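Undergrad: First the structure, which I've put down as structure tokens, then a few questions once you've had a look.
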Amino acid sequence: YQRRVRGVNCNARMRPPPAWHMLDAARLPEELYRASAKLEDILAHTISAPSPGFAPNSLTGRCPMGLWNELERIFGFTLYTLLNFLPALLLLLLAMWLLGLGLGFAGWCRALEVVGLATVGYALVLTAGNRLSSFMLGGEIYPGPSVYECQFGLYERNIQKYISLRCVWPQELHRTGLAESPVIFCLIPHSMIPLSLSAIGFFSKLFGERLCHWCTTSTVLRIPIIGELLRKRGYIEASQGTLLETLTKKEESVGVVLDGIPGMFQKDGHHTERAFLNARKGVVKVAMKAGVPIVPVYCFGHSELWRLCVDPFGVLEWISAKSNIAFIFFFGRFWWPFGPPRRTPVTMVCGKPVVLGDNGPEEAPSQERIEQGHARMVAEFQRVFDIHKSACGYADKELKIV
């Protein structure tokens, strides 16, 4: 397996120095999937490759998954999607129940009640699992799971196996590469749900062992149950003030799904992956003000998880961008409306840190400096895509920046 992935002769006496490292997160032994695991023990399961990268199609295999875990994800994804609409769903159930009593639609109302009760029940299971995950995975009883411990939850673990998640990073990030300073991880593409964020614990563990907070909209953080689960895992509001406070005062890293809601509406072609990046310059300004580098992260496989139905006139995209709520229809596995994703392998590739200044934080970076930094970030996204697309099964695709 290592010989196939590396693409080099493992018996060669003089191997070239490693340029890239890969952790098969989905296959990591369960005893190492916890916050208390030693970094060296986890890194012992990585595979390295010289420049230019891993062998063609070597990062495309699926991870075996138990039947019950797969069924949990198939139905769990659907119920999680409904949880995002929980307040509206409960009001709809109440209205339909009252209407059914008056018009005799009791059968339809019972069906809706079953869906609603299943969704609420799943929410309670998630909440309980959030508090028990450290005990179930680590074999120890904690007085209360910390953010770091919650990032290694059962929910995230099943997603990693479902999408056969792999993490790839360059030599510049290996071991102590990011130990001196917090960073901003910028991840694309968004897809319907950025499932590679199930590796949230690895972002905190692998790169300097510094807690990493991922960002989401304030609207999502206000959703009952969903918001609580995300905050427990360290999610913060995607605002400039919150990012700067986390990076400078707390000295902790942050992660941003850079293309956001507009990225969900990018229609990929048979030979093209579209990345909504040209208008995303605010993150560069934040990085310059905080004096921290940006690490571009491209997720191969995100665009293949769901079949999205994009409004050709852009009306829903405009409404979604203005309201910070995605109004989009999609099909999942088995052509299931709002259903679970396909079991497409996902490989998350980090690029080299983009250092935006040598003189520390800049209180008021000029527009010219921001444009220069943005161009360097986009160029690193392009470089990472071109190097690893063959290994991830995307040799016939090109990245189009929009």
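Undergrad: Just to be sure I understand, how many residues within the range 330-350 are open to solvent by less than 10 Å² (accessible area, probe 1.4 Å), of a type outside the set (Val, Ile, Thr) and touching a helix residue (DSSP H, G or I) at 6+ places or on another chain (Cβ under 8 Å)?
TA: Going through the range 330-350, the residues open to solvent by less than 10 Å² (accessible area, probe 1.4 Å) turn out to be 330, 332, 339-341, 346-350.
Now drop any that are not of a type outside the set (Val, Ile, Thr), which leaves 330, 332, 339-341, 348, 350.
Filter again for touching a helix residue (DSSP H, G or I) at 6+ places or on another chain (Cβ under 8 Å), leaving 332, 339-341, 348, 350.
Within the range 330-350, residues that are open to solvent by less than 10 Å² (accessible area, probe 1.4 Å), of a type outside the set (Val, Ile, Thr) and touching a helix residue (DSSP H, G or I) at 6+ places or on another chain (Cβ under 8 Å) number 6.
Undergrad: When you go through (1) modelled with pLDDT of 90 or more; (2) over 14 Å from the mean Cα position of the chain (by Cα) one by one for CYS299, which number turns out not to apply?
TA: Here CYS299 meets the rest and fails (2).
Undergrad: Go through the residues of the range 37-46 one by one and say whether even a single one is open to solvent by 50 Å² or more (accessible area, probe 1.4 Å), of a type in the set (A, V, I, L, M) and modelled with pLDDT under 90.
TA: Within the range 37-46 (the criterion being open to solvent by 50 Å² or more (accessible area, probe 1.4 Å), of a type in the set (A, V, I, L, M) and modelled with pLDDT under 90), the answer is no, since none of the residues qualifies.
Undergrad: SER320 - would you say it is farther than 24 Å from SER164 by Cβ, assigned to a helix (DSSP H, G or I) and under 21 Å from the mean Cα position of the chain (by Cα)? Walk me through how you get there before you give the answer.
TA: On the way: farther than 24 Å from SER164 by Cβ: yes; assigned to a helix (DSSP H, G or I): yes; under 21 Å from the mean Cα position of the chain (by Cα): yes.
Judged against the criteria, SER320 is a match.
Undergrad: Which condition breaks for HIS213 when tested against (1) open to solvent by 20 Å² or more (accessible area, probe 1.4 Å); (2) in a strand (DSSP E or B)?
TA: Single failed check for HIS213: (1).
Undergrad: All but one of (1) part of a strand (DSSP E or B); (2) modelled with pLDDT under 95; (3) not hydroxyl-bearing (Ser, Thr, Tyr) hold for MET348, so report the exception by its number.
TA: Tallying (1) part of a strand (DSSP E or B); (2) modelled with pLDDT under 95; (3) not hydroxyl-bearing (Ser, Thr, Tyr), MET348 fails exactly one: (2).
Undergrad: In the range 324-358, what residues are out of contact with any strand residue (DSSP E or B) (no Cβ under 9 Å at 6 or more places or on another chain) and either under 22 Å from ALA49 (Cβ atoms) or touching a residue at least 40 places away in the same chain (Cβ under 8 Å) (or both)? Show your work before the answer.
TA: Filtering the range 324-358 down to residues out of contact with any strand residue (DSSP E or B) (no Cβ under 9 Å at 6 or more places or on another chain) leaves 324-327, 333-334, 336, 340-341, 343-344, 357-358.
Those that are out of contact with any strand residue (DSSP E or B) (no Cβ under 9 Å at 6 or more places or on another chain) and either under 22 Å from ALA49 (Cβ atoms) or touching a residue at least 40 places away in the same chain (Cβ under 8 Å) (or both): ASN324, ILE325, ALA326, ARG333, TRP336, PRO340, PRO341, ARG343, THR344, GLY357.
Undergrad: Okay, next question. Within the range 276-287, does at least one residue satisfy the condition of being assigned to a helix (DSSP H, G or I) and under 14 Å from the mean Cα position of the chain (by Cα)?
TA: Applying the first criterion (assigned to a helix (DSSP H, G or I)) to the range 276-287 yields 282-287.
Then drop every residue that is not under 14 Å from the mean Cα position of the chain (by Cα), which leaves none.
No, the range 276-287 contains no residue that is assigned to a helix (DSSP H, G or I) and under 14 Å from the mean Cα position of the chain (by Cα).
Undergrad: Do you know which residues across the range 249-261 are more than 12 Å from ILE184 (Cα to Cα) and open to solvent by 20 Å² or more (accessible area, probe 1.4 Å)?
TA: Filtering the range 249-261 down to residues more than 12 Å from ILE184 (Cα to Cα) leaves 249-250, 259-261.
Listed by number, the residues that qualify are LYS249, LYS250, ILE261.
Undergrad: Something else now. Report whether or not PRO224 is under 27 Å from CYS309 (Cβ atoms) and modelled with pLDDT under 90. Quick ask: steps written out before the conclusion?
TA: Working: under 27 Å from CYS309 (Cβ atoms): no; modelled with pLDDT under 90: yes.
Here the answer is no, as PRO224 does not meet what is asked.
Undergrad: Next up: Just checking, how many residues over the range 157-188 are closer than 26 Å to LEU308 by Cβ and either among the β-branched types (Val, Ile, Thr) or open to solvent by 10 Å² or more (accessible area, probe 1.4 Å) (or both)? Even if it seems obvious, please write down each step before you answer.
TA: Taking the range 157-188 as the starting set, the residues that turn out to be closer than 26 Å to LEU308 by Cβ are 158-168, 185-188.
From what is left, the residues that are either among the β-branched types (Val, Ile, Thr) or open to solvent by 10 Å² or more (accessible area, probe 1.4 Å) (or both) are 158-159, 161, 163, 168, 188.
Residues that pass the stated criteria total 6.
Undergrad: Another question about this same structure. Quick check on the range 364-392: of everything there that is part of a helix (DSSP H, G or I), under 20 Å from SER48 (Cα atoms) and touching a residue at least 40 places away in the same chain (Cβ under 8 Å), which residue is most open to solvent (accessible area, probe 1.4 Å)?
TA: Quick first cut of the range 364-392, residues part of a helix (DSSP H, G or I) only: 367-388.
Next, only the ones that are under 20 Å from SER48 (Cα atoms) stay: 383-388.
Adding the requirement that they be touching a residue at least 40 places away in the same chain (Cβ under 8 Å) leaves 384-385, 387-388.
Numbers: VAL384: 2, PHE385: 0, ILE387: 51, HIS388: 1 Å².
Filtering first and then ranking leaves ILE387.
Undergrad: Among the residues of the range 218-234, write down those that are open to solvent by less than 30 Å² (accessible area, probe 1.4 Å) and free of Cβ contacts under 8 Å to residues at least 60 places away in the same chain. Break it down stepwise before answering.
TA: Narrowing the range 218-234 to residues open to solvent by less than 30 Å² (accessible area, probe 1.4 Å): 221, 223, 226-227, 229-230, 233-234.
Listed by number, the residues that qualify are LEU221, GLY227, LEU230.
Undergrad: Could I ask something else about it? So PHE313 fits all but one of (1) open to solvent by less than 30 Å² (accessible area, probe 1.4 Å); (2) in a loop (DSSP other than H, G, I, E, B); what number is the exception?
TA: Of (1) open to solvent by less than 30 Å² (accessible area, probe 1.4 Å); (2) in a loop (DSSP other than H, G, I, E, B), only one is false for PHE313: (1).
Undergrad: Let me ask something else. Working only within the range 274-288, note down all residues that are open to solvent by 60 Å² or more (accessible area, probe 1.4 Å) and in contact (Cβ under 8 Å) with a residue 40 or more places away in the chain.
TA: Kept after step one, since they are open to solvent by 60 Å² or more (accessible area, probe 1.4 Å), are these residues of the range 274-288: 274, 278-280, 285.
Residues satisfying the conditions are ARG274, ASN278, ARG280, LYS285.
The values are calculated or read from the model by the stated rules, or taken from the named source; none is laboratory data. Keep in mind that this is a model prediction, so the values were computed, not measured. All Cβ positions, glycine included, derive from the backbone under ideal geometry; neighbour counts span all protein chains shown. Protein only, heavy atoms only, side chains kept; ligands, DNA and RNA dropped before computing areas. Shrake-Rupley method; radii C 1.70, N 1.55, O 1.52, S 1.80 Å.
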